[in-house]
Amino acid sequence: MGEHRLRTPTEILRLAPEEADDLLGYLERTVPVRPPLVEVPEGVAEEAIVFGDSHGDWRSVEEVVQRYREGKRCLIGLGDYVDRAPDDCGPAGSVANALYLLELVAEAPALVILIQGNHEIVHRIPAVPHNLPEEVDELWGPDSTRYDRLLGLLERGPFAVTTPNGAYLAHAGFPRGKLPIPWTRAFVDMDDDRLCEITWAECDASRIRRGAAPPWGRLDLEEFLTSTGLEIMLRGHDPDLTGRPLYGGRCLTLHTSRIYERFGGVIVARVPLGTPLHSVTDLRVEHLATEGRTFPNPS
């Protein structure tokens, strides 16, 4: 491919099959395979921009990138980058969203981290709906290897991220029960039950019950944070909790997709990395301009 140029989601939707294969090859050579648990190194950035479930809403993700990419910032996604794309993102919005984000990782791997959500672990635990295979076929014809390659790239992300000042970031939950010493070993060789705790478990304040893992509550979270020395949790997964601080300000749920904006808007969190965190009031939550908007379908 020669020198790689970051494509916009609209450009990705216009790629020919052979160009898509070239892009997948570039990403396979460039996107790092992360350990299951990643700690943001001290000094890598002054602020983390954390976005929640985007579900193919590449228009909102594109605004996140345009608004926050400059400066000493890192970008962290909380999972669920595919499936349920808004209609105005085209019939393959999940593909465009995933590849756009993966290109950002390839361009700046120290500054962009894509945590896996339950829609990225479908090879181990199925999720419904899962439109990604049909979307890939819609763009480039029936060739299952492209879907497998794209999902394999998303599987290179970690299951959780911590920051040096006390934030824990995961799609849904955390390891429960008595943790090993050091507690980080809970992320090594995880069985499906542990994986479900982290990527599938609902918060007990949510009205949603998917049944893949028992819901967790205030006491569970406090036990986890006390055991690990962490202070707050940022997560996605439960759209009805979007933007609501819970449990004395120790938990905040984010969604960055217009399909869920009726619950709490299209939001991101700005997390300072150079000062101690004690509650989610130490963060700044901002709404995106895509909120309440629809766009012409990409041609």
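The values are calculated or read from the model by the stated rules, or taken from the named source; none is laboratory data. In this text, all values refer to a predicted model and were calculated from it rather than measured experimentally. A quick note on method: Cβ atoms are made from the backbone with ideal geometry, for glycine too, and the neighbour counts reach across all protein chains shown.
Numerical summary
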| read-out | value |
| --- | --- |
| Filter result for the condition that a residue is crowded, with 22+ Cβ neighbours inside 10 Å, in contact with an Asp or Glu (Cβ under 7 Å, 6 or more places away or on another chain), farther than 24 Å from L252 by Cα and of a type in the set (G, A, S), over A85, A96, A92 | A92 |
| Scan of region 189-214 for residues that are on the phi < 0 side of the Ramachandran plot and over 20 Å from the mean Cα position of the chain (by Cα), ordered by number | D191, D193, D204, A205, R207, R209, P214 |
| Selection count where residues are within 22 Å of R207 (Cα to Cα), part of a loop (DSSP other than H, G, I, E, B) and touching a helix residue (DSSP H, G or I) at 6+ places or on another chain (Cβ under 9 Å), scope region 223-237 | 1 |
| Matching helices (runs of 4 or more DSSP H) fully within region 1-76 where at least 2 residues are buried (at least 22 other Cβ atoms within 10 Å of the Cβ) and at pLDDT 95 or above | 9-13, 58-68 |
| Residues being farther than 19 Å from P276 by Cα and part of a loop (DSSP other than H, G, I, E, B) - total across region 160-171 | 1 |
| Residues that are in contact with a strand residue (DSSP E or B) (Cβ under 7 Å, 6 or more places away or on another chain) and in a loop (DSSP other than H, G, I, E, B), drawn from region 172-195 | A172, G173, F174, R176 |
| Neighbours by Cβ (under 8 Å, 6+ apart or cross-chain): first from region 85-101, on the phi > 0 side of the Ramachandran plot and of a type outside the set (A, V, I, L, M, F, W, C); second crowded, with 24+ Cβ neighbours inside 10 Å and assigned to a helix (DSSP H, G or I) | G90/A96 |
| Extreme residue, surrounded by the fewest Cβ atoms within 10 Å (Cβ to Cβ), among residues of region 252-281 that are touching a Lys or Arg at 6+ places or on another chain (Cβ under 8 Å) and over 16 Å from I49 (Cα atoms) | S279 |
| Matching residues, region 186-210, being closer than 19 Å to T253 by Cα and free of Cβ contacts under 8 Å to residues at least 60 places away in the same chain | E197, I198, A201, E202, C203, D204, A205, S206, R207, I208, R209, R210 |
| Hey, G157 outside any helix (DSSP H, G or I), closer than 30 Å to L225 by Cα, at pLDDT 95 or above and among the small types (G, A, S) or not | yes |
| Test: residue in region 213-234 that is touching a His at 6+ places or on another chain (Cβ under 7 Å), surrounded by 23 or more Cβ atoms within 10 Å (Cβ to Cβ) and either more than 23 Å from A96 (Cβ to Cβ) or among the hydrophobic types (A, V, I, L, M, F, W, C) (or both) | no |
| Selection within region 120-155 - closer than 23 Å to H255 by Cβ and out of contact with any helix residue (DSSP H, G or I) (no Cβ under 8 Å at 6 or more places or on another chain) | P126, A127, V128, P129, H130, E155 |
| Residue within region 77-86 that is outside any loop (DSSP other than H, G, I, E, B) and under 16 Å from the mean Cα position of the chain (by Cα) present | yes |
| Subset of region 65-84 (residues that are without any contact (Cβ under 8 Å) to a residue 40 or more places away in the chain and among the β-branched types (V, I, T)) | V65 |
